[in-house]
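Enquirer: There's a structure below that I have some questions on.
We did not get these values from a lab; they are worked out from the coordinates using the rules stated. Not measured: the values here are computed from a predicted model. Neighbour counts run over all protein chains shown; Cβ positions are idealised from the backbone, glycine included.
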């Protein structure tokens, strides 16, 4: 089933309107200065975040909006903008909870960091590479890439259903900068059409 | 072509798992590390810390959970719990030979994973890299140590134990290589997952 059909199918099952504008949607949420934590919850706290730190104001999509998640991305920044391994490269798992249902459960993320070369999919060319040299820490020289996992199964976020992305570890270090979580995929956004 | 979902439902039907089709489809991976240096992975997951060593509480799935294994990969877990590349730690002449056992059946047999890059390495990408200061040494490539099970994923059904048996050899001399506590071998199985979904049943 294609992502377009799946979204229509799920929206139809839920009785949600499916006449919105089709588009590509990227949702993101930032946690500032997380430090060492065992659990990071994204899309849960929007207080004090600007439009540069999240593009939602609540943990749910609007009444006429829905989307299919195809890709999860995590990026950990130092305060100067240098990219670091998320959680210091320690073993961590990610879960996506939609409503009261876990739709991605304890999916390990560390293999797609690029340092060990065992990314899940073939999108990551040659499994990752790194440099042996010490680098200066200047953010203009990016030697690490964001962590990205492409899902094999389309996950739908229906309209007006709360969702959350939870990252769990054994007290991994997330630094003094910020960690950003982005969910990308196909979606529908509100389109008034001729109804106004 | 049969899709991952089709294969899961076909196997579930053969096993009489009639309710699996109503569960939540997802993407999943399970991983564990042979910290005992026993040559077997996943069978002692119960005793391992979660999630720094494994994301399992047992080497079997609960009721109505399953995983269609589409990729198998090996790595090394450092004593600091960081995942490392097998070749970077063991050198290019090491090779892992492994079996995947589900229930009492061996479903992958004597499969080699070459440290220098296996089939499915997707090597030779014609990539050149400029040396830009302050990085004045060339970037090194890290080979994949994976098997992509193209079009032939293998289903681990609910409530059936599985494990991976492996040995490490020097591919040039044929001599076995022993892992150590600092170079313990880990493995993950990745693919389409089925998660328990109660729907309206409770």
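Enquirer: If we count other beta carbons within 10 Å of each Cβ, what is the order of A:77, A:85, A:163, fewest first? Show your work: numbers first, answer last.
Expert: Numbers: A:77 20, A:85 17, A:163 23.
With the sparsest Cβ surroundings first, the list reads A:85, A:77, A:163.
Enquirer: Using alpha-carbon pairs under 8 Å, 6+ residues apart, how would you state the relative contact order of chain B in percent? The partial results should precede the final answer.
Expert: Working: 413 pairs, mean separation 75.5, N = 202.
The normalised contact order for chain B reaches 37 percent.
Enquirer: Follow-up. Using the 2.2 N^0.38 Å rule of thumb for compact globular proteins, work out how the protein assembly as shown stacks up: its C-alpha Rg over that value, please. Numbers along the way, then the final one.
Expert: Numbers: Rg = 21.6 Å, N = 398, 2.2 N^0.38 = 21.4 Å.
Normalised by 2.2 N^0.38 Å, the Cα Rg of the protein assembly as shown equals 1.01.
Enquirer: Applying 1/(1 + (r/R0)^6) with R0 = 41 Å to the Cβ-Cβ distance of residue B:63 and residue A:21, what FRET efficiency is obtained, to the nearest 0.05? Mind showing how you got there, number by number?
Expert: Numbers: r = 41 Å, r/R0 = 1.00.
Rounded to the nearest 0.05, the efficiency is 0.50.
Enquirer: Right, next: Neighbour counts of other C-beta atoms within 10 Å: give me B:144, A:122 arranged from fewest to most. Don't skip to the end; give the middle numbers.
Expert: Details: B:144 30, A:122 15.
Ascending Cβ contact count within 10 Å gives the list A:122, B:144.
Enquirer: Along Cα→Cβ, 7 Å out, is where each label goes; now give me the distance between the ones at residue A:145 and residue A:101 in nm to one decimal.
Expert: 3.3 nm
Enquirer: Per DSSP H run of n ≥ 4, the term is -39500 (n - 2.57); total these for chain A, divide by its residue number, and report the mean residue ellipticity at 222 nm rounded to 500 deg cm²/dmol. Don't skip to the answer; put the middle values down first.
Expert: On the way: 1 runs with 12 residues, N = 196.
Counting only the DSSP helices, I get -2000 deg cm²/dmol.
Enquirer: What FRET efficiency, computed as 1/(1 + (r/R0)^6) with R0 = 35 Å and r the Cβ-Cβ distance, is obtained for residue A:71 and residue A:170, rounded to the nearest 0.05?
Expert: Values: r = 26 Å, r/R0 = 0.74.
So the FRET efficiency works out to roughly 0.85.
Enquirer: Write down the radius of gyration of chain B and its Dmax, each obtained from C-alpha positions, in Å.
Expert: Computed over the Cα atoms of chain B, radius of gyration and Dmax are 18.7, 62 Å.
Enquirer: Give me the angle, in degrees from 0 to 90, between the Cα long axis of helix A:3-14 and the longest principal axis of the Cα atoms of chain A, rounded to the nearest 10.
Expert: Long axis of A:3-14 versus the principal axis of chain A: about 60 degrees.
Enquirer: For the modelled label position 7 Å from the Cα of residue B:36 along Cα-to-Cβ, which residues of region B:175-191 have backbone nitrogen atoms closer than 19 Å?
Expert: Only B:178-188 pass the distance filter.
Enquirer: Determine, for B:106, A:150, the number of other Cβ atoms within 10 Å of each Cβ, and report the residues in order from fewest to most. Working shown, then result.
Expert: Numbers: B:106 12, A:150 18.
With the sparsest Cβ surroundings first, the list reads B:106, A:150.
Enquirer: In degrees from 0 to 90, rounded to the nearest 10, what is the angle of the helix B:4-14 Cα long axis to the longest principal axis of chain B?
Expert: 50 degrees
Enquirer: Moving on to the next point. Can you give the calculated 222 nm mean residue ellipticity of chain B, where each DSSP H run of n ≥ 4 adds -39,500 (n - 2.57) and the sum is split over every residue, rounded to the nearest 500 deg cm²/dmol? Kindly include the intermediate steps, with their values, before the conclusion.
Expert: Values: 2 runs with 16 residues, N = 202.
Result for chain B, helices only: -2000 deg cm²/dmol.
Enquirer: Also, quick follow-up: Averaging the inverse of every distinct alpha carbon separation and then flipping it gives the Kirkwood radius. What is it for chain A, in angstrom units?
Expert: Working: mean 1/r = 0.0562 Å⁻¹.
Roughly 17.8 Å, rounded to one decimal.
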